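Visitor: Can you read through this structure? Questions will come right after.
What follows draws every value from the coordinates through simple rules; no lab data is involved. The structure presented is a predicted model; accordingly, all values stated were derived computationally and were not measured. Glycine also receives a Cβ, built like all others from the backbone with ideal geometry; neighbour counts cover every protein chain displayed.
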Amino acid sequence: METLAPIRHKSFTYRTFSEWAGGKAGTFSANGKPSFRVASPPEFRGEENVWTPEDLFVGAIDVCLLMTFIAIAQKRQIPVEAYYSEAEGLLEYVEDGYRFTRVVLKPTIVVATHDAIEPALEAIRRAHRDCLVANSLLTEVIVEPDVRMRETA
């Protein structure tokens, strides 16, 4: 009887850099990527119209779901024509400080055929289960997908 070799999982390291720019702002970057301005949100006496850690937190979950879904859809050859999403994170005062208690993701997935709707729903459920960013959090992550067939002219 043939025995299968154990799966060897790799580890990965991601590095970022931040630098104070005065006030409640700074710059954020990673090797080989453009830097951008970050600040505290206006709710915490920060700047308006500047990326905040809170935006990046919610965005990391939203983008992770997108990338995980697309990888699954491509592997399964699901005819996805469009994907767009809205995400909302709820920051609440809990016990002795603020923390995100829930993030709701509302992806809309457009597929080419009616037969692709169920496979796309299964793929987004799998992406929700496998999203490594969401799996690294204590926050509840809810996915409310809308999968539809493209509209014909």
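Visitor: Quick one: angle between helix 53-75 and the longest Cα principal axis of the chain, in degrees between 0 and 90, rounded to 10, please.
Guide: Long axis of 53-75 versus the principal axis of the chain: about 20 degrees.
Visitor: Mind checking the dipole of segment 1-74: about its Cα centre, +1 per Lys or Arg Cβ, -1 per Asp or Glu Cβ, Debye to the nearest 20?
Guide: Result for segment 1-74 is approximately 340 debye, rounded to the nearest 20.
Visitor: Pop the C-beta distance of ASP96 and LYS24 into the FRET formula with R0 = 30 Å and round what comes out to the nearest 0.05.
Guide: 0.85
Visitor: Ok, one more. Which one of GLY32, HIS114, ASN135 is farthest out on the positive end of the charge dipole of the chain, using unit charges on Cβ (Lys, Arg +1; Asp, Glu -1) and the Cα centre as origin?
Guide: Positive-most Cα among the choices belongs to GLY32.
Visitor: Distance between the C-alpha centers of segment 40-109 and segment 1-30? Whole Å please.
Guide: 18 Å
Visitor: Could you work out how far apart the two model spin labels at ARG126 and THR16 are, taking each label as a point 7 Å from the Cα in the direction of the beta carbon, and quote it in nm?
Guide: For ARG126 paired with THR16, the spin-label model returns 2.9 nm.
Visitor: Using DSSP to define loop residues, name the chymotrypsin sites (Phe, Trp or Tyr not before Pro) in segment 20-109 whose beta-carbon has at most 12 other beta-carbon atoms within 10 Å.
Guide: none
Visitor: Here's a follow-up. Suppose we flag trypsin sites (Lys or Arg not before Pro) only when DSSP calls them loop and at most 11 other Cβ atoms lie within 10 Å. Which is the longest uninterrupted stretch of the chain?
Guide: My reading of the result: 46-153 is the longest stretch.
Visitor: Taking 0.36 nm per intervening residue step and subtracting the Cα-Cα distance, what contour gain separates GLU140 from PHE36 on full extension?
Guide: Fully extending the segment from GLU140 to PHE36 adds 34.6 nm.
Visitor: Can you sort LYS33, LYS106 from fewest to most other Cβ atoms within 10 Å of each residue's own Cβ?
Guide: Placing the least packed residue first, the sequence is LYS33, LYS106.
Visitor: Moving on. Residues with amide H under 5 Å of GLU47's amide H, sequence separation 5 or more or different chain, H placed in the peptide plane at 1.01 Å from N; which?
Guide: Close amide H contacts, sequence-distant or interchain: SER40.
Visitor: Not counting the cut sites, what is the longest span of the chain without GluC sites (Glu not before Pro) that DSSP labels loop and that have at most 11 other Cβ atoms within 10 Å?
Guide: 96-150
Visitor: Along the charge dipole of the chain, Cβ charges K/R +1 and D/E -1, which of PHE69, LEU105, LEU4 sits furthest on the positive end?
Guide: Working it through, the farthest residue towards the positive pole turns out to be LEU4.
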